[in-house]
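Just below is one structure, and these are the notes that go with it.
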């Protein structure tokens with residue numbers, strides 16, 4: 001059964017760049033890749049979305065290789081407030097039906 | 001305020017109780033979702049509604065009963081729950097179903113079944 005895969009956790013320090021990679025081997029041709037951020041006891045919050053190549057907004061960049069089987073969320077110069085769980089969301093065809101799948105999430109800890 | 005409001009924020013209920021969770025969105029979206037988030041597990045999609053019609057029930061036990069009276073409101077009726085149903089229940093909405101549309105989530109209802 002296809003699914004998205006992310007590292008369980010990552011540690012970083014304030015001011016560093018953090019890159020979180022998600023693999024999604026069964027991504028469908030028309031699917032977009034979306035990343036969310038979640039703080040404890042809150043709902044996930046949209047960060048960035050892309051289809052291919054590179055997308056950048058005021059908080060992050062998203063890198064997607066040509067085969068689209070993975071994506072990398074890049075957070076420049078993280079701060080303590082970036083400590084959160086980051087989820088990769090893609091649509092995927094599983095068992096001939098269309099499903100939206102959350103990754104297991106990557107727990108990012110930013111240290112002073 | 002995210003545009004998706006969930007009430008109550010916290011709920012403690014006994015296994016024989018009946019309660020309801022409420023979700024409301026003022027974003028003009030046509031799709032609404034219920035997710036369950038248990039400790040140390042990925043978000044689990046429970047139900048999907050598109051234009052008030054249920055389009056997906058992800059093998060959810062019948063003790064969870066959704067209701068979508070219009071595109072702005074979504075309820076989750078709970079009855080005879082089990083302690084393992086304790087979790088954070090999240091409501092989300094999107095313009096329509098499908099991966100192209102980003103989801104807006106509410107802050108969730110923290111449910112504890114005793």
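Here residue B:40 meets the list (1) surrounded by fewer than 14 Cβ atoms within 10 Å (Cβ to Cβ); (2) closer than 22 Å to residue A:90 by Cα; (3) at pLDDT 90 or above almost entirely, failing just condition (3). Considering the conditions (1) under 12 Å from the mean Cα position of the chain (by Cα); (2) over 13 Å from residue A:85 (Cα atoms), residue A:47 is excluded by exactly one of them, (2). Being in contact with a strand residue (DSSP E or B) (Cβ under 6 Å, 6 or more places away or on another chain), closer than 20 Å to residue B:33 by Cβ, at pLDDT below 95 and in a strand (DSSP E or B) is a description that applies to residue A:36. Summed over segment B:59-100, the residues that are within 14 Å of chain A (Cβ to nearest Cβ) and either without any contact (Cβ under 8 Å) to a residue 12 or more places away in the chain or over 15 Å from the mean Cα position of the chain (by Cα) (or both) give a count of 7.
The values are calculated or read from the model by the stated rules, or taken from the named source; none is laboratory data. Model, not experiment: these values are computed from the prediction. Methodologically, a virtual Cβ is constructed for each residue, glycine included, from the backbone with ideal geometry; neighbour enumeration extends over all protein chains shown.
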